[in-house]
Each structure stands twice: as C-alpha cells, then as structure tokens.
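Each remark here refers to the structure printed beneath this line.
Every read-out reported here was derived from the displayed coordinates using simple, explicitly stated rules and does not represent laboratory data. These numbers were taken from a predicted model, which means no experiment stands behind them. Here Cβ is always computed from backbone atoms with ideal geometry, including for glycine, and neighbour counts include all displayed protein chains.
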Amino acid sequence: MCQDKRTNTSIGRIAVDLHQFPRDQTIEKWYSLDESTSALLLLITVSGSQSKDSVVELTDADQDQQRSPALERYNLLHTFDDIKDVGELTVKGDEQFSVFRAEGLLAKDIGGKSDPFAVLELVNARLQTHTEYRTLNPQWNALFTFCVKDIHTCLEVTVYDEDPNNKFEFLGKVIRNGERRWYGLKNKKLNTPVRGEIMLELNVTWNPVRAALRTFQPRERKFLELDKKFKASLFRSTVMELKEFGMAIVDCKNYVGSCLDWDSTPRS
C-alpha cells in the first residue's frame with residue numbers, strides 16, 4: 001500500500017502473488033495500483049532454493065559439475081542463443097578452507113562480539129548469507145552464483161551486524177572483480193579502511209561477443225540504494241564554502257569598479 005506522508009492518505013494498493021517468481025532472483029516490474037491511475041516499480045526477490053542467481057551450501061555443490069555447463073553455455077558457438085545472458089559470476093571462499101568467510105570484524109555488541117552476515121549485490125541482483133551469531137570471524141560456507149548482464153559492472157560485498165530489533169548495522173564494504181585473495185573492508189564511501197577483512201574467490205565465465213554488444217547499451221540503473229541522510233555538519237561546511245565564494249566575487253567586483261573609477265591612478 002502506498003501512502004502520502006503529508007496527508008497520511010492512501011494513494012493505492014496492489015497484491016502480488018510471490019509464487020509466480022523464480023527464487024533467489026531479483027525481478028524488476030511495474031504494477032498498476034488499484035483504484036488509482038498511478039503505477040509502482042517493484043524489485044522483488046524471493047529467497048529460497050537455486051536459480052540463475054543463487055546461494056548454495058558448499059557441501060552440496062560439485063564445483064566441476066557446475067562449471068562445465070557454464071563453459072558450454074557461453075561458448076562462442078552458442079553466442080546467439082541468448083544475447084542478453086552475458087556471463088555467470090561465481091563467488092566462493094578459498095580452496096584450502098572451502099568456505100566463504102571473514103576475519104577481525106568490528107565488534108558491535110556489548111560482549112565484544114557481532115552477529116555478522118554478508119550481502120552480495122551485482123547491480124540489482126542481491127543475495128545474502130545466513131547470520132553467524134556471536135563471532136568476529138564468521139564462516140558462512142556458501143557459494144554464490146550471479147547472472148551477469150553487463151561485464152563492466154562491479155560486485156559489491158557488504159558485511160552487516162544483525163540487530164535484535166531487525167536493524168542492520170554496517171560493518172564494512174568492498175567492491176571487487178578478479179582473483180582469489182583477502183580483501184580489507186572499507187567504509188560506506190569506500191575511501192577509508194575499517195576493521196575486518198573478507199576472503200573471496202571470483203570466477204567469471206562469459207561470452208566476449210555478447211559482452212561487446214552489451215557495451216553499446218545504457219548501463220543498468222541501480223535501484224537498491226538508500227536515501228542519503230541530511231548531515232548538519234556537511235550543510236554548514238557547504239554554506240561556508242558558498243559564503244567564501246560570494247565574498248571573493250564581491251571583492252573582485254569592488255576591485256574592477258575602483259579601477260574603472262580611477263580611484264588609484266597607478267592601479268588603473
């Protein structure tokens with residue numbers, strides 16, 4: 001149901017049957033609201049068993065069997081079978097430990113621990129691990145598979161702390177493409193390191209012809225972004241910068257005026 005916050009009145013509502021959607025895959029679709037001429041854009045993800053975007057327990061995953069069909073599907077001989085299906089991205093932990101894990105995370109709870117879980121996002125496709133309770137070194141033991149629509153996009157990995165009140169506290173974030181290694185987490189703006197690191201191995205299987213054709217199309221718009229909160233300190237600093245800029249313009253105007261008025265003969 002959509003409501004107008006100013007008048008607290010209902011704009012319209014829509015009922016969606018979730019059984020029609022594939023599991024673990026984000027679907028973008030417009031819906032017309034009942035008793036209204038308005039429409040609502042929804043991004044719907046039903047968590048559950050496997051699909052093209054999926055979470056698999058590593059103990060249940062035969063990685064060789066999973067990779068062989070992907071190599072066949074993205075072979076150059078099958079380029080025109082599905083032009084929009086550019087590739088497949090697999091995210092897992094290291095081969096020695098066979099787990100997707102993190103170490104040295106920031107403690108958010110009173111007892112010096114956290115309840116961390118990881119969220120992986122590839123534009124609008126979003127997958128999530130289970131929560132490991134009371135630990136700073138979680139081992140999620142999962143393998144993630146994403147359907148790649150654009151080879152130029154970046155995978156975003158964010159670690160959160162689960163709160164009893166269903167509020168998630170940010171622990172760190174990293175954006176990476178590439179090889180197996182440990183990655184240090186950063187803040188939300190990705191410009192300052194924070195405590196903790198995460199082990200990732202990323203394998204991309206893709207079709208270069210499909211990727212090249214996709215390059216000439218507009219980049220997919222990301223909808224799963226939080227609204228930026230108002231910060232008084234940032235507002236004050238912006239006002240001061242504008243004030244200094246305005247004063248500089250006034251000084252320049254006065255200087256030019258004095259030159260034109262011949263207030264100082266040598267300067268004019």
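So if R0 is 41 Å, what FRET efficiency would residue 130 and residue 242 give, r being the distance between their Cβ atoms, rounded to the nearest 0.05?
Working: r = 48 Å, r/R0 = 1.17.
Given R0 = 41 Å and the Cβ-Cβ separation, E is 0.30.
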- Item | Among 246-253, 198-205, the order from most to least packed when residues are scored by Cβ within 10 Å on average | 198-205, 246-253
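Shape verdict for region 187-227, please, from the Cα gyration tensor: rounded (a/c under 1.5), prolate (a/b greater than b/c) or oblate. Numbers along the way, then the final one.
Details: a/c = 3.34, a/b = 1.53, b/c = 2.18.
In terms of gyration-tensor shape, oblate.
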- Item | Cβ-based exposure ranking for 255, 31, in which fewest neighbours within 10 Å come first | 255, 31
- Task: State, to one decimal in nm, how far the label point of residue 14 lies from the label point of residue 220, with both points 7 Å from Cα in the Cβ direction.
- Result: 1.9 nm
- Query: In whole percent, what relative contact order does region 3-44 give with Cα contacts below 8 Å and a gap of six or more residues?
  - Reply: 33 percent
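With respect to the cross-link table entries 84/186; 29/84; 108/189; 149/186; 149/222, which display a Cα-Cα separation exceeding 22 Å?
Numbers: 84/186 33 Å; 29/84 17 Å; 108/189 20 Å; 149/186 26 Å; 149/222 13 Å.
The answer is 84/186; 149/186.
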- Task: Would you please put 150-156, 122-128, 83-89 in order of how densely packed they are, using the mean number of other Cβ atoms within 10 angstrom per residue and starting with the highest?
- Result: 122-128, 83-89, 150-156
